Amino acid sequence: MLESVVIVGAGQAAAQLIASLAQDGFTGSVTLVGEEPYLPYQRPPLSKKFLAGELALDRLYVKPAAFYEKAGSRLLLGQRAQRIDRAGRAVLLADGARLPYSTLVVATGSRPRELALPGAGLAGVFYLRSIADVDAIRARLAPPKSLVVIGGGYIGLELAAVAAKLGLGVTVLEQAPRLMARGVGPVVSRFYARLHGEEGVVVRTGVAVRGFEGDGAIERVVCDDARYDADIVVIGAGAVPNVELAGEAGLVVEDGIVVDAQCRTDDASIYAIGDCTSQHHELVGRRLRLESVHNALEQARIAAAAICGRKPPAVQVPWFWTDQYDVKMQMAGLSAGHDHAVVRGNAEGGRSFAVFYLREGTLIAVDAVNRAPEFMMSKQLIAERAKIDPARLGDEGVAMKDMRN
């Protein structure tokens with residue numbers, strides 16, 4: 001029987017999987033099922049250039065339609081996968097169609113974590129995850145309106161930066177004691193609080209939102225300490241992996257679909273890739289779920305190699321980035337569990353510095369703010385598990401290319 005791969009989900013991981021299968025010589029059929037009516041597209045620009053109107057829709061797509069035609073893949077867009085029939089090796093769609101597979105790849109991604117608070121259903125309260133979300137939000141982003149962002153993570157702060165540059169009054173409310181607390185250290189959190197303050201954004205940390213008020217549409221955000229006027233609210237309270245389809249099929253799910261080093265689930269004919277997965281990572285010595293483009297693309301390449309019976313690509317150091325105002329921060333590695341942090345440059349007054357994170361003398365991560373050389377060299381050093389003298393890391397007189405010496 002001709003091999004047939006069915007991919008459920010139409011994000012960057014799915015697009016990369018199709019490309020990698022073609023590159024690895026897969027000769028069977030490939031069918032992609034996506035709920036949105038769009039070709040697979042990039043999500044990071046949604047809260048940045050696409051929201052700001054600086055990126056056209058066609059430039060958001062990972063690949064043009066001609067690519068999928070040339071690859072011989074079939075795209076079923078605007079379709080929802082309703083159930084996985086593992087015994088019959090088929091995916092059942094909401095319209096009643098049945099897609100047989102020899103290999104299934106679940107790439108369902110994640111969705112915004114919703115807040116079950118009074119008034120959350122008022123007009124003008126949004127989440128940001130899709131093109132449709134951006135279209136709805138962008139229509140309201142006009143001065144002198146006021147925007148309140150719930151959540152001081154990457155997406156919330158990127159949105160705040162775009163809105164501030166457009167001239168809106170922007171307030172960011174974060175429940176944690178500091179911004180981006182899950183992803184960066186205190187030095188970087190303080191820098192972003194200062195950065196947004198310098199750009200006119202009001203930042204409040206340690207604030208619990210209790211609800212929303214308005215006569216049919218949002219007017220105020222209610223917190224323990226105060227009420228904040230708002231013409232528009234965007235909630236960025238983290239993401240939830242879309243694991244329901246896998247869980248209902250009986251696959252192992254623990255904060256994501258559990259996969260092995262080859263991105264295979266506990267069912268040998270089913271793989272999972274991208275934000276919906278939970279996988280063991282050597283850098284931290286435990287299983288975790290990574291929400292990043294790099295991880296999604298890498299897992300797609302690994303899964304394609306396994307499906308085609310090829311040697312898997314070398315595992316790379318995970319990396320991330322965020323653009324806010326004139327600042328690009330590039331992060332490599334995973335800083336969880338570090339026992340020492342070294343700052344290189346002026347983090348308190350400037351807009352260019354790097355923070356290196358070490359564990360038992362070994363470099364495990366870096367946050368590089370407008371510092372491309374520190375980012376690029378650190379990726380190599382982290383991969384090598386290099387032990388670097390902290391004094392050298394902090395000395396700007398020592399070039400990054402000389403850190404091994």
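The values are calculated or read from the model by the stated rules, or taken from the named source; none is laboratory data. Note that the structure is a prediction, hence the values are computed from the model and not measured. For neighbour counting, all protein chains shown are included, and Cβ atoms are generated from backbone atoms with ideal geometry for every residue, glycine included. Accessible surface is based on the protein model in full, side chains and every heavy atom, while ligands, DNA and RNA are left aside. Shrake-Rupley method; radii C 1.70, N 1.55, O 1.52, S 1.80 Å.
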Completion exercise
With +1 at each Lys and Arg Cβ and -1 at each Asp and Glu Cβ, the charge dipole magnitude of the range 203-278 around its Cα centre, to the nearest 20 debye, comes out at 200 debye
Practice task
With an 8 Å cut-off on Cα pairs and a minimum separation of 6 or more residues, tell me the relative contact order of the chain in percent.
Solution key: 14 percent
Problem - Size of electric dipole in the range 47-194: Cβ of Lys, Arg +1 and of Asp, Glu -1, about Cα centre, debye, nearest 20 - result: 300 debye
Problem - the chain: calculated mean residue ellipticity at 222 nm from DSSP helix runs of at least 4, using -39500 (n - 2.57) - result: -6500 deg cm²/dmol
Practice task
Looking at the range 163-319, send over the antiparallel percent of its DSSP beta bridges, to the nearest 5.
Solution key: 65 percent
Fill in the blank from the handout: dims of the range 82-160, Cα set, principal axes, largest to smallest, nearest Å -> 57, 24, 24
Problem - Net length gained if the chain between residue 308 and residue 244 were fully extended (0.36 nm per residue, minus Cα distance) - result: 20.3 nm
Completion exercise
In whole percent, the fraction of accessible protein surface over the chain that belongs to carbon or sulfur atoms, probe radius 1.4 Å, stands at 50 percent
Problem - Ordering of 127-133, 37-43 by burial proxy (mean other Cβ atoms within 10 Å per residue, highest first) - result: 37-43, 127-133
Handout entry: Span from the the range 66-104 Cα centroid across to the the range 239-316 one, whole angstrom
Key = 19 Å
Problem - Accessible area, probe 1.4 Å, largest first, for residues 338, 281, 196 - result: 338, 281, 196
Practice task
May I ask you to give the solvent-accessible area per residue for the range 88-175, in square angstrom, as obtained with a 1.4 angstrom probe?
Solution key: 39 Å²
Practice task
Compute the Cα gyration tensor for the range 1-137, then decide on rounded, prolate or oblate, letting a ≥ b ≥ c be the square roots of its eigenvalues: rounded whenever a/c is under 1.5, prolate when a/b is larger than b/c in the other cases, and oblate in all that remain.
Solution key: oblate
Problem - residue 387-residue 215 FRET efficiency (beta carbon distance; Förster radius 56 Å; 0.05 resolution) - result: 0.35
Handout entry: Residue-by-residue Karplus 3J(HN,Hα) for the range 369-381, coefficients 6.51, -1.76, 1.60, Hz, glycine and proline x
Key = 9, 6, 9, 4, x, 5, 5, 5, 5, 5, 4, 5, 5
Handout entry: Cα-based equivalent ellipsoid of the range 280-405: semi-axis lengths in Å, sorted from largest, via gyration tensor
Key = 28, 17, 13
Exercise for the section: Averaging sequence separations of C-alpha pairs under 8 Å and six or more residues apart, then dividing by the length of the range 316-405, give the relative contact order as a whole percent. Expected result: 26 percent
Exercise for the section: Please sort 65-76, 360-371 by packing, taking for each peptide the average over its residues of neighbouring beta carbons within 10 angstrom, highest first. Expected result: 360-371, 65-76
Practice task
Describe numerically, in nm with one decimal, the distance between label points set 7 Å from Cα along Cα→Cβ at residue 116 and at residue 398.
Solution key: 5.3 nm
Problem - Violating pairs (Cα-Cα greater than 21 angstrom) within the set 49/328; 48/328; 48/70; 328/379; 311/387; 379/401 - result: 48/70; 311/387
Practice task
List, in order, the whole-Hz ³J(HN,Hα) value for each residue of the range 308-322 obtained from phi through the Karplus relation with A = 6.51, B = -1.76, C = 1.60 and θ = phi - 60°; use x for Gly and Pro.
Solution key: 8, x, 9, 5, x, x, 5, 6, 9, 5, x, 9, 9, 7, 8
